[in-house]
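Right, one structure below, let's go through it.
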Amino acid sequence: MCLGIPGEVVEILVDRPDLAMVDVSGVKRAINIGLLDKGEVGPGDWVLIHVGFAMSKIDEEEAKAAMEFLEGIGQAYEEEMAALLESRIE
Amino acid sequence: MRFVDEFRDAAKARALSAQISALCEPGRHYKFMEVCGGHTHTIYKHGLEDYLPETVTLVHGPGCPVCVIPMGRVDDAIAIAEQPDVIMTTFGDMMRVPGGNGSFLDANAAGADIRMVYSPLDSLKIARENPDKRVVFMAIGFETTAPSTAMTVLRAAAEGLENFSIFCNHVTIIPAIKAILDSPDLRLDGFIGPGHVSTVIGCRPYDFIARDHNKPLVCAGFEPLDILQSVYQLLIQLAEGRSEVENQYSRVVPWDGNPRALKAIGETMELRPYFEWRGLGFISHSALQVREAYAVHDAERVFDVPGVRVADPKACQCGEVLKGVLKPWECKVFGTACTPETPIGTCMVSSEGACAAYYNFGRFSRDRVRQATALPSPTVRVPSS
């Protein structure tokens, strides 16, 4: 639960501007972007996601490095991704 | 398993290692505390202690949210879960944390409806879909997680979802650091500051450490190089006689934190007069509770909560590990009676707990030949922060 996972914003939901569809390692899930400034992120931007909320906008290089790091830490990351797969935020 | 020589930029790590050694005064011992459990995980996973001179010790701090939950709070949560029509929801990390009368996993096996969720918003969805049930979210974590809980409470209030409440166990990092600084057991030379917590609170709340205690703090990222770089920055400060707050993780951590997150916390939660931390005991103003305006979403107001204090098992020395006084392997039951499969203490449960991290990775690291003795080229440039 303490991991920050990088995701790429795919779209901001039209009827729910506080939610965004993001791509995390090929998994697409809705997350909440209400902790970021309005208009701070759009499609193509990267965010650091923590328990379903975007905590900060990051650049692509940081996102790649963070993902590489997470994939290397093993079990904790796998558990986080398994939990994310079950997530259906709306 | 990836070892230290496989991580990115191993050459840079060796160069940093050499520069760290060069900064150490002969005969002086240095003790730095990494506050965050995520850092502990990285240190053991990548065997970073092998990259540091013998005179630099990293001690592990209390920054593992699962580890600091006292047993009585687990019992309270289970007591709530066992009440009629309750669905208890929790992060997966909490499932095996032992209370005085077993864990969530045990309670679930005995018939309580306890479900793992990824996000408090998943818990809210369960409440929406089960209007005849009372859905409780076991809220744990430092300031990293508190904003997500706060935003979820705000959402529940906006939707009028009165069957959703949180059992609030959010803790705040600054009082824990203060307690450690005031403890006579430990003499520290500086801190590796938490990365994600600082994303929310920023770097200013640490000022007192540098100003009043004359100890440097460097907010650090989670990759091996981030941590080595932070040790290097701490040593430079000490060599120059400075004690300042520095931000090594500025690519993610804004100096002023996340104002929206702080606002959401402030709107829905307030400081408790005191809260018990496993190992650290009762600490004043160290945890959050739900504000009265959101009473309907506060499980402690909605349900009868026993609130009984339960002493830790005698054999367990998590408290000493959380304060950095003992290394995991110095605990009497480490790796024998207490393992990740059958944990006695919380530090063995969470992957961020020092004991679990050491059990899974550290044992191998210590057996390895020290690789840092080869190589270093003093001309290699140090990565800037």
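Could you check how many residues of the range A:35-50 are touching a Gly at 6+ places or on another chain (Cβ under 8 Å), aliphatic (A, V, I, L, M) and within 8 Å of chain B (Cβ to nearest Cβ)? Of the residues in that region, 1 qualify. Tell me whether the range A:68-76 contains one or more residues that are more than 7 Å from chain B (Cβ to nearest Cβ) and either surrounded by 17 or more Cβ atoms within 10 Å (Cβ to Cβ) or of a type in the set (Lys, Arg) (or both). Yes, the range A:68-76 contains at least one residue that is more than 7 Å from chain B (Cβ to nearest Cβ) and either surrounded by 17 or more Cβ atoms within 10 Å (Cβ to Cβ) or of a type in the set (Lys, Arg) (or both).
Filter the range B:229-247 down to residues that are farther than 23 Å from B:Gly141 by Cα and within 14 Å of another protein chain (Cβ to nearest Cβ), then give me how many there are. First the steps, then the outcome.
Residues of the range B:229-247 that are farther than 23 Å from B:Gly141 by Cα, as a first pass: B:229-246.
Then drop every residue that is not within 14 Å of another protein chain (Cβ to nearest Cβ), which leaves B:229.
Result for the range B:229-247: 1.
Select from the range B:230-261 the residues that are part of a helix (DSSP H, G or I) and either within 15 Å of B:Arg211 (Cα to Cα) or in contact with a strand residue (DSSP E or B) (Cβ under 8 Å, 6 or more places away or on another chain) (or both) and list them in ascending order. Of everything in the range B:230-261, those that are part of a helix (DSSP H, G or I) and either within 15 Å of B:Arg211 (Cα to Cα) or in contact with a strand residue (DSSP E or B) (Cβ under 8 Å, 6 or more places away or on another chain) (or both) turn out to be B:Ser230, B:Val231, B:Gln233, B:Leu234, B:Leu235, B:Gln237, B:Leu238, B:Ala261. Taking residues in the range B:306-322 that are touching a residue at least 24 places away in the same chain (Cβ under 8 Å), and partners anywhere that are loosely packed, with under 13 Cβ neighbours inside 10 Å and part of a loop (DSSP other than H, G, I, E, B), the pairs with Cβ atoms closer than 8 Å and at least 6 places apart or on different chains are B:Ala315/B:Lys332; B:Gln317/B:Lys332. Taken over the range B:162-190, the criterion of being of a type in the set (A, V, I, L, M, F, W, C) and under 22 Å from B:Ala261 (Cβ atoms) is satisfied by B:Phe164, B:Ile166, B:Phe167, B:Cys168, B:Val171, B:Ile173, B:Ile174, B:Ala176, B:Ile177.
Determine whether B:Leu105 is modelled with pLDDT of 90 or more, away from every other protein chain (no Cβ under 14 Å) and either closer than 23 Å to B:Cys347 by Cβ or outside any helix (DSSP H, G or I) (or both).
On the way: modelled with pLDDT of 90 or more: yes; away from every other protein chain (no Cβ under 14 Å): yes; either closer than 23 Å to B:Cys347 by Cβ or outside any helix (DSSP H, G or I) (or both): yes.
Yes.
Residues of the range A:20-60 that are on the phi > 0 side of the Ramachandran plot and not hydroxyl-bearing (Ser, Thr, Tyr): A:Gly26, A:Gly39, A:Gly44, A:Val51, A:Gly52.
What about B:Thr199, is it closer than 23 Å to B:Met116 by Cβ, within 12 Å of another protein chain (Cβ to nearest Cβ) and polar (S, T, N, Q)? So that I can check it myself, show each step before the final result.
Numbers: closer than 23 Å to B:Met116 by Cβ: no; within 12 Å of another protein chain (Cβ to nearest Cβ): yes; polar (S, T, N, Q): yes.
Criteria not met by B:Thr199.
The values are calculated or read from the model by the stated rules, or taken from the named source; none is laboratory data. Quick caveat, the model's predicted, so the values are computed rather than measured. Using ideal geometry, Cβ is built from the backbone for each residue, glycine included, and neighbour counts are taken over all protein chains shown.
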